[in-house]
1. Spelling out what I want: for every residue of the range 330-338, take phi, set θ = phi - 60°, compute 6.51 cos²θ - 1.76 cosθ + 1.60 (Karplus), and round to whole Hz; glycine and proline get x.
2. With +1 on each Lys and Arg Cβ and -1 on each Asp and Glu Cβ, and nothing else charged, work out how big the dipole of the chain is about its Cα centre, in Debye to the nearest 20.
3. Along the charge dipole of the chain, which of 235, 107, 194 sits closest to the positive end, that is, farthest toward it, with unit charges on the beta carbon of Lys, Arg, Asp and Glu (+1, +1, -1, -1)?
4. Quick one: angle between helix 3-15 and the longest Cα principal axis of the chain, in degrees between 0 and 90, rounded to 10, please.
5. Stretched out fully, how many nm does the piece from residue 214 to residue 261 gain, at 0.36 nm a residue minus the Cα gap?
6. For the chain, which whole percent of the accessible surface, found with a 1.4 angstrom probe, sits on carbon and sulfur atoms?
7. Equivalent-ellipsoid semi-axes (√(5λ), Cα gyration tensor) for the range 258-302, whole Å, largest first?
8. Which value in deg cm²/dmol, rounded to the nearest 500, describes the helix-derived mean residue ellipticity at 222 nm for the chain, given -39,500 (n - 2.57) per DSSP H run of n ≥ 4 and division by the residue count?
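The values are calculated or read from the model by the stated rules, or taken from the named source; none is laboratory data. Remember, predicted model here, so these are calculated numbers, not experimental data. Because the Cβ atoms are built from the backbone with ideal geometry, glycine has one as well, and the counts that use them run over all protein chains shown. We work out accessible area using only protein heavy atoms, side chains counted, and drop any ligands, DNA or RNA first. Shrake-Rupley method; radii C 1.70, N 1.55, O 1.52, S 1.80 Å.
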Amino acid sequence: MTPLGRLLARRIAATGPIGIADYMAECLLHPAHGYYATRDPLGAAGDFTTAPEISQMFGECLGLCLVQAWMDQGAPSPVVLAELGPGRGTLMADLLRAARVVPAFGTAAGVHLVEASPVLRARQAQALAGHDPVWHDTIATLPEAPLFLIANEFFDALPIRQFQRDAAGWRERQVALDAEGRLAFALSAPTPLAALDHRLGDTAPGDVVELCPAAQPVTAEIGRRIAARGGAALIVDYGGWRSRGDTLQAVRGHAFDDPLAHPGEADLTAHVDFEALARAAAPAAHSALVPQGVLLDRLGIAHRAERLARTLSGGALAAHQAALRRLTHPEEMGRVFQSLALFPAGGPVPPAYA
Ligand code: SAH
């Protein structure tokens, strides 16, 4: 068992089973043993890779989308340019470089990063040297100004609760101890749950649905700011419209792992329920869900790829072409990853989301 596994087993033995959200939060952000708190998990040497780490084209395309949304809203100044969970800072660096074609945007935008991991904050400081980023623990402390925000693979890292439908209500999925003292899944006694009343119609006994309690206040705050002062949020993650089934997933060393096997040493994620994000963001308006491949296509990634290809040859060219396919192809990241835009009700829909 990992050191965090031993701590959790002792806690469960003393005070009883814990919910999945509690388990995820400890595994990801425990100050001494948490996965994000203690390492940079990204890239070939880490546990997983993400779209901005695959190619600069991802951040460039999303960046130009955000700049266009800013121009469509009359180029307000000053504005907050924020990213949630910026990882190594690659997406923001690519976005800012692409945005240089509209210098007024760079002048108007102050860069704000919401990041929990001290290790990754240090990486972001390196990647964004010269842009004077300001770090935040939560979005609550962002300055009040029009908000232009991006988030790639942030919401999938927020803890979820899981509920299994039962004839008499919902049983919460928990982490308990088995007869040998190992971590094991268990179910609570059935209880009614108002937050899941709307799912009684489209689920049957035995079905699992997920709630992400931490996503609700974050999206509500984004929606409030965009509705009050303008702006746009581009959210990219894997998931769909309305949660269904158990999507808790562990990845360690680029391979799937049992979510209970290595607490604190594997990345834990869950699919994002975009319907819940869109609901929480009201009174801001939301777009339809756009698959990542379609979004990048509409934002002109093929054209950008061709331009970059002109400067490449041999292995670098092959890697570039493989990266384009990986980001956009429906059998790679093009369809499992989806994107939602938030924007002021009645205002222009950000380009490529209409
Ligand atoms: N967006 C980056 C990194 C994705 S990994 C990319 O696409 O490469 C998830 C990121 O969210 C990491 O930076 C992680 O440290 C951060 N994170 C996870 N939970 C968080 C929380 N509760 N608050 C702030 N940041 C969080």
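1. The phi angles translate into x, 8, 10, 8, x, 10, 5, 8, 10 Hz.
2. 520
3. With unit charges placed on the Cβ atoms, the residue in question is 107.
4. 50
5. Taking 0.36 nm per residue and subtracting the Cα distance, the gain is 14.5 nm.
6. Numbers: 8280 of 14910 Å².
Within the chain, the accessible surface is 56 percent carbon and sulfur.
7. Numbers: eigenvalues 177, 79, 11 Å².
Values for the range 258-302, descending: 30, 20, 7 Å.
8. Values: 14 runs with 131 residues, N = 354.
Roughly -10500 deg cm²/dmol at 222 nm, from the helical runs in the chain.
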